[in-house]
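Every read-out reported here was derived from the displayed coordinates using simple, explicitly stated rules and does not represent laboratory data. The model shown is predicted, which means the values in this text are computed figures rather than measured ones. Note that we place each Cβ from the backbone using ideal geometry, even for glycine, and neighbour counts take in every protein chain shown.
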Amino acid sequence: MTDVGSFKVKTGLAEMLKGGVIMDVTTPEQAIIAEEAGACAVMALERVPSDIRAEGGVARMADPSIIKNIMAVVSIPVMAKARIGHFVEARILEALGADYIDESEVLTPADDSYHINKHDFKVPFVCGCRNLGEALRRIGEGAAMIRTKGEPGTGNVVEAVRHMRTVMSEMRALTLMPQEELMTAAKDMGAPYDLVLYVAEHGKLPVVNFAAGGIATPADAALMMQLGVDGIFVGSGIFKSGDPKARAKAIVMATTHYKDAKLLAEISKDLGQPMSGIEISTLTESQRMQERGW
Amino acid sequence: MKKRVGVLALQGAFREHRQVLEKLGCDVTEVRRTSDLDGIQGLIIPGGESTTIGKLLRIDEIGERIKELGAKDMPIFGTCAGMILLSKTIVDSDQYRLNLMDTVVERNAFGRQVASFETDLQVPALGVNPLRAVFIRAPYLKEVAPNVGILAEYNGKIVFVRQGNLLASAFHPELTSDNRVHQYFLNMIDEH
């Protein structure tokens, strides 16, 4: 029997992206630079997170022609963002042939209580998380890939690190719990019980987990890989830097050779200015994109 | 003696191949640098993005060393992106390749991700039971030279082949629990 768009096929694409870098791009020219640098996929959008942050207003799904024009020039997978809960934007992206949909806190949420029922789609979804409960709720809704949220558009890796450490330590705690404590753990973290059981048994998420939100240097990428993520999303960090080509290539190399400090020293040389960053404590609560998601 | 098998670990689903090989009793080396190729008896090139892996193969001349080993009869098995990298001809692309198999490959030949699928394949070389095969933005072979043996087709498209010491599949045997394809590859190492 042939099965199109099964959960295995959805998670399978994420498995193929592992050890790779997914880069935010806003034009076909940027998409070509990303592919040339060795990106394993691109995220097609209208504005990168740091511009969304600077310009304010409501951030929505990109114009379909931006996504189509990018799909036309690269052979690697093209992802696109829909607003949290906006299942019609998601349907449009699916119809366009986007390879993955990011139901993303970078855009302005369309629903303040509910996320998209992602089981209902043939196209796979990736969603953000700050902790294990949030990751398992998204997987319960059908996400086939997870990314730690970090704080998008800041060029500051501290939140990505915090979210990854939180997820890892919460998973370790579950593996040590006796069976009778797991139901209460599921209740406390607001996570589906069957997925809590899965993590308690396997010590890992049932889907691939990438890092996102604040990665700006090859060393940032290698740091996240050493903390145990499967791959890297870079948003504003490449095309808001002084030399996008060199930096993109360096981040790809650092993600593969993340344990090789000598090579990382070579890779990190002469990359020009990184994007100028934002100290997280200067952001007000409403400016923190990571708070979006339920 | 345990067989020493390398899995190219530049990008993609290398961990899954490692797990299958370990289940089958192999000593597995993750290959990132040229020196990691020393002493292995066979190599798996996993699924991933063939353009990404191709760029990373240029670092440290690791791709050139794999070409030499393949030409010298070391068994190599490529899945999906690995099939693309092994082929001499890639339709409409000048991307880096290992240039070892006399095959013409078309990338993303079944369509974009929304068209990705799993199905039951008949593979006579693996016995009568069908093989569950997962195709993800998969390629297929448009043409093969007479010296390339066809092990499986899907709807008339060539998706699994062997050419001497080289094996290539358009699908992902590392994503299912059926280990027959990996066992077939290990038998190739034994014959070698």
Legend entry - Ratio Rg/Rh [Cα only; Rh per Kirkwood] for the range A:225-275: 0.96
Inset, instruction - Could you work out how far the C-alpha centroid of the range A:93-122 sits from that of the range B:30-89, in angstrom? - result: 36
Legend entry - Whether the range B:82-192 is rounded, prolate or oblate, judged on the alpha carbon gyration tensor where a/c under 1.5 counts as rounded: oblate
Inset, instruction - Show the residues, 5+ positions off or on another chain, whose built amide H is closer than 5 Å to the amide H of A:A82. - result: A:D102, A:E103, A:S104
Inset, instruction - Read phi for every residue in the range A:235-251 and hand back ³J(HN,Hα) as whole Hz from Karplus 6.51 cos²θ - 1.76 cosθ + 1.60, θ = phi - 60°, with x for Gly and Pro. - result: x, 6, x, 8, 7, 9, 9, x, 9, x, 4, 5, 5, 4, 5, 5, 5
Legend entry - Reach of A:K245 by Cα under 16 Å, taken over lysines that are not fewer than 8 positions away in the same chain: A:K269, B:K55
Inset, instruction - Would you mind telling me the antiparallel percentage of the DSSP bridges in chain B, rounded to 5? - result: 50
Legend entry - Normalised alpha carbon radius of gyration of the range A:131-178 [divisor 2.2 N^0.38 Å]: 1.27
Inset, instruction - Treating each Cα of chain A as an identical point scatterer and ignoring solvent, apply the Debye formula and state log10 I(q)/I(0) at q = 0.10, 0.14 Å⁻¹. - result: -0.49, -0.99
Legend entry - Calculated FRET value between B:E191 and B:V91, using beta carbons and R₀ = 30 Å, to 0.05: 0.40
Legend entry - Inter-label distance for B:D27 and A:R60, nm, one decimal - labels placed 7 Å from Cα along Cα-to-Cβ: 6.2
Inset, instruction - At 7 Å along the Cα-to-beta-carbon direction for both A:E181 and B:K72, put a label point, then send me their distance in nm to one decimal. - result: 5.5
Inset, instruction - Evaluate 2.2 N^0.38 Å with N set to the residue count of the range A:41-84, then give the Cα radius of gyration divided by it. - result: 1.21
Inset, instruction - Can you pull a Stokes-Einstein diffusion coefficient for chain B at 25 °C (0.890 mPa s), Rh from Kirkwood over Cα pairs, as a whole number of µm²/s? - result: 151
Inset, instruction - Mind pulling the per residue volume of the convex hull built on the Cα atoms of the range A:175-271? Å³ is fine. - result: 106
Legend entry - Cα extents of the range A:123-202 along the three principal axes, largest first (Å): 42, 30, 20
Inset, instruction - Please list, or write none, the lysines whose alpha carbon is within less than 17 Å of the alpha carbon of A:K68, excluding same-chain residues fewer than 8 places away. - result: A:K81
Inset, instruction - In nm, give the distance between the simple-model label positions of B:D178 and A:E266, each being 7 Å from the Cα along the Cα-to-Cβ direction. - result: 4.3
Inset, instruction - Please work out, to two decimal places, the log10 of the ratio I(q)/I(0) at q = 0.12, 0.20 Å⁻¹ from a Debye calculation in which every Cα of the range B:1-83 carries one identical scatterer. - result: -0.29, -0.85
Inset, instruction - Take the Cα atoms of the range A:82-166, find their three principal axes, and give me the spread along each one in whole Å, biggest first. - result: 36, 25, 25
